[in-house]
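One structure is given below, encoded as structure tokens.
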Amino acid sequence: MRLIMLGAPGAGKGTQAARVAAELKIPHISTGDIFRANIKNGTELGKKAKAFMDAGKLVPDELTCDLVADRLAQADCAGGFILDGFPRTIPQAEALDKVVAELGTKIDYAVNIDVPDEAIIERMSGRRACLSCGATYHVVYNPPKTEGICDTCGQPLVLREDDKPETVQTRLSVYHEQTQPLIEYYGAKNALVSVDGTKPMDEVFADILKVIGK
Ligand code: ADP
Ligand code: AMP
């Protein structure tokens with residue numbers, strides 16, 4: 001199955017994508033995680049992406065689309081994949097359509113996780129991220145077993161620079177301007193399914209499996 005996750009920053013895309021990927025045994029591809037790994041490793045791409053990310057802006061499409069095309073062409077994506085954080089603009093969605101068409105496939109579902117802006121700031125300020133393995137926690141809703149340490153890989157957890165409230169406001173504006181139009185885009189292709197992202201994580205997960213017919 002070929003899935004994409006839509007939703008505001010902090011809606012729960014990464015949390016749910018990781019669970020759905022494990023359930024369906026398909027790779028979880030997060031462009032945000034790929035950029036953060038590049039920043040950590042000091043690559044040219046990381047250097048270019050960092051300023052945009054720290055400011056809460058989108059990394060330009062020309063740095064993003066080829067990276068996803070290369071990733072989707074890898075052998076582990078042949079049986080399906082779940083994209084988290086891509087596409088985020090109409091040109092990215094069009095580029096993705098082209099890539100999947102060239103691979104002889106299509107996107108089965110765009111899963112929209114619906115969370116109002118009011119709930120987002122609290123989610124983001126409580127989010128703690130592992131920059132080593134990409135796991136995400138929340139100090140109240142999904143705390144790690146040991147405070148500040150990743151359950152999966154034992155590395156220290158951080159509050160992401162772009163999760164500070166002033167940057168979250170910018171990210172929400174960017175979302176409404178550039179990413180929200182994708183809801184209509186995938187609706188017009190009859191690929192859109194939506195779930196209520198304000199419910200507890202386990203319920204959101206069950207709802208997603210239901211709407212994708214699993
Ligand atoms: P996104 O990938 O959409 O930016 P995340 O999956 O990282 O969002 O979730 C943002 C924050 O909200 C994280 O700290 C996560 O643990 C928490 N979270 C995710 N889903 C829920 C939920 N259903 N209820 C409460 N908190 C949640
Ligand atoms: P995320 O981890 O999905 O919250 O993404 C963190 C940041 O990475 C975003 O705020 C953007 O700056 C950048 N980013 C991730 N995915 C994309 C994308 N598809 N297009 C542009 N920028 C992206």
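Here are a few things to note about the model shown:
- Considering residues of region 1-34 that are β-branched (Val, Ile, Thr) and within 10 Å of ligand 2 (Cβ to nearest atom) only, the residue surrounded by the fewest Cβ atoms within 10 Å (Cβ to Cβ): Ile34
- Residue match in region 56-66 (condition: under 19 Å from Cys130 (Cβ atoms) and open to solvent by less than 50 Å² (accessible area, probe 1.4 Å)): no
- Subset of region 123-138 (residues that are farther than 20 Å from Ile29 by Cα and among the hydrophobic types (A, V, I, L, M, F, W, C)): Met124
- The set of residues in region 1-10 being in a loop (DSSP other than H, G, I, E, B), touching a Phe, Trp or Tyr at 6+ places or on another chain (Cβ under 9 Å) and more than 14 Å from Val211 (Cβ to Cβ) consists of Ala8, Pro9.
- Screening Ile39 against (1) open to solvent by 20 Å² or more (accessible area, probe 1.4 Å); (2) in contact with a strand residue (DSSP E or B) (Cβ under 6 Å, 6 or more places away or on another chain); (3) of a type in the set (A, V, I, L, M, F, W, C); (4) near ligand 2 (Cβ under 10 Å from one of its atoms) leaves a single unmet condition, (2).
- Single condition Glu161 does not satisfy, out of (1) at positive phi; (2) in contact (Cβ under 8 Å) with a residue 24 or more places away in the chain; (3) open to solvent by 60 Å² or more (accessible area, probe 1.4 Å): (1)
- Selection within region 107-124 - within 14 Å of ligand 2 (Cβ to nearest atom) and open to solvent by 40 Å² or more (accessible area, probe 1.4 Å): Arg123
- Any hit, region 12-27, residues being part of a helix (DSSP H, G or I), more than 16 Å from the chain's Cα centre (by Cα), of a type outside the set (Gly, Ala, Ser) and within 16 Å of ligand 1 (Cβ to nearest atom): yes
Quick grid of which residues meet (1) polar (S, T, N, Q); (2) within 14 Å of ligand 2 (Cβ to nearest atom); (3) closer than 19 Å to His28 by Cβ:
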{"site": "Val140", "(1), (2), (3)": "no, no, no"}
{"site": "Cys150", "(1), (2), (3)": "no, no, yes"}
{"site": "Leu159", "(1), (2), (3)": "no, yes, no"}
{"site": "Thr167", "(1), (2), (3)": "yes, yes, no"}
{"site": "His176", "(1), (2), (3)": "no, yes, no"}
{"site": "Gly187", "(1), (2), (3)": "no, no, no"}
{"site": "Thr198", "(1), (2), (3)": "yes, no, no"}
{"site": "Met201", "(1), (2), (3)": "no, no, yes"}
{"site": "Ile208", "(1), (2), (3)": "no, no, yes"}
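Residues are listed down the side, and each one gets a yes or a no for (1) within 18 Å of the chain's Cα centre (by Cα); (2) surrounded by fewer than 18 Cβ atoms within 10 Å (Cβ to Cβ); (3) of a type in the set (Phe, Trp, Tyr); (4) at pLDDT below 95:
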{"site": "Asp151", "(1), (2), (3), (4)": "no, yes, no, no"}
{"site": "Gln155", "(1), (2), (3), (4)": "no, yes, no, no"}
{"site": "Pro165", "(1), (2), (3), (4)": "no, yes, no, yes"}
{"site": "Thr170", "(1), (2), (3), (4)": "yes, yes, no, no"}
{"site": "Tyr175", "(1), (2), (3), (4)": "yes, no, yes, no"}
{"site": "Ile183", "(1), (2), (3), (4)": "yes, yes, no, no"}
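The values are calculated or read from the model by the stated rules, or taken from the named source; none is laboratory data. Not measured: the values here are computed from a predicted model. A quick note on method: Cβ atoms are made from the backbone with ideal geometry, for glycine too, and the neighbour counts reach across all protein chains shown. Each accessible area value is taken on the protein alone, full model and side chains, heavy atoms only, with ligands, DNA and RNA left out. Shrake-Rupley method; radii C 1.70, N 1.55, O 1.52, S 1.80 Å.
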